[in-house]
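Scroll down for the structure; my scribbles are underneath it.
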Amino acid sequence: MSGLAAEYKAVNLGQGFPDFPMSEELVALVNEAMKNNYNQYPPMPGWLPLREAIAEKVEFLYQTKVHPDSEITITPGGTYAIYSSLTAILQPGDEVIVFEPAYDSYIPNVEINGAKAVPISLIYPGYKIDWAAVKKAINLKTKAILINSPHNPTGSVIGKEDIEQLRSVVKDTNIFIVSDEVYEHLIFDNIPHQSILRYTDLLQRSFVCFSFGKTYNCTGWKLGYCVAPAELTREFRKVHQFNAFSCFTPTQVALTAFLKNKDAYLGLASVMQQKRDRFRELMKQTRFSMHDSFGSYFICGSYERISNESDKDLAIRITKEAGVATIPVSAFYHDGKDDKVLRFCFSKKEETLEAAVERLIKL
């Protein structure tokens, strides 16, 4: 859809990336690191001062102590962290429960390891987890459950009741948890983020994956990290060592200093919530029916008042004819399940959102 947006010079509300500048202070810190000759390989697990800063942040946010040397690994992005987590534990024939609509790397990451993805649809339209279906799907082959909150593509979030259900499901089993928390700081309406890092009993069986790109509006940096107990981290690093081995050093050095500025990540939610609210208000002028979004860069909208087309056909048509790119939510289902919903990215400048809505009004 981004390729189509470029071809037709459409306003791109499809792919999840900001179109506004990132922190000038952070850019300056990267430049400073390069000038100070931090340009060679860092240690395989990542620049140790950065891992120490992450450990301090985890304790500050979630009152959980993690060891920077043995339980944190810096990765080239959150997607890489998810892939490496799954590769560390999966064998052919294993099964992984995945909730759909799902970020598009999940099922391929499972299948490339010879394992089987077991998709469970979130309950539409609120996109809540169907825990009865999860319990029914569990069997002796179930190796892991992959969760994502705040959720891409829908903006739904996991609550305390979901954590209790998850505890119940994995109790007395050897099931691992892979928790995609790349939108950790993009959660709205004063809802607390139910990170697996809050729950030491669940953390003992978990790989928890994060993204600096989503936190600091620099998605092209492709830098993230994985937190896991020492024995799981050892397996994770067996994959990492012979894949990427290490990550770009100057950004790690810069982020070590920048993480001391708590306001930079604590204030992100309010900024992005303003964008969500502004976009939702603007969209009232259109014939889309917008869903709730409690986190992430995204909000979904139904188009039953516009067309009976498939979501893919409509997404392509409005890119070409209206000049606005979106993502059809059916793309996030293995079987193309179509609820007639499009995903919009609102992590954009206000003028970008206004320009998009001005075009969508005409539908």
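Any read-out appearing in this document is the output of simple, stated calculations on the displayed coordinates, not a laboratory observation. Remember, predicted model here, so these are calculated numbers, not experimental data. As a convention, Cβ positions derive from the backbone with ideal geometry for all residues, glycine included, and neighbour counts pool all protein chains shown.
Observations, loosely collected:
- With contributions of -39500 (n - 2.57) from each DSSP H run of at least four residues, the per-residue ellipticity at 222 nm computed over the chain stands at -11000 deg cm²/dmol.
- Reachable aspartates and glutamates, given that their alpha-carbon falls under 17 Å from the alpha-carbon of Lys9 and they are not under 8 places away in the same chain: Asp19, Glu321, Glu351, Glu354, Glu358
- Considering only alpha-carbon pairs that sit under 8 angstrom and 6 or more positions apart, the relative contact order computed for the range 37-260 is 31 percent.
- Sorted ascending by nearby beta carbons within 10 Å, beginning with the fewest, Arg237, Arg51, Arg317 become Arg317, Arg237, Arg51.
- FRET efficiency, 1/(1 + (r/R0)^6) with R0 30 Å, evaluated for Gln91 and Thr200 via beta carbons: 0.65
- Cα centroid of the range 267-299 to Cα centroid of the range 70-137, whole Å: 27 Å
- For the range 37-260, the gyration tensor built on C-alpha atoms gives a prolate shape. Its axis ratio a/c (a ≥ b ≥ c) is at least 1.5, and a/b is the larger of a/b and b/c.
- The chain - share of DSSP beta bridges that are antiparallel (%, nearest 5): 50 percent
- Ranked Val11, Val227, criterion: other C-beta atoms within 10 Å, fewest first: Val11, Val227
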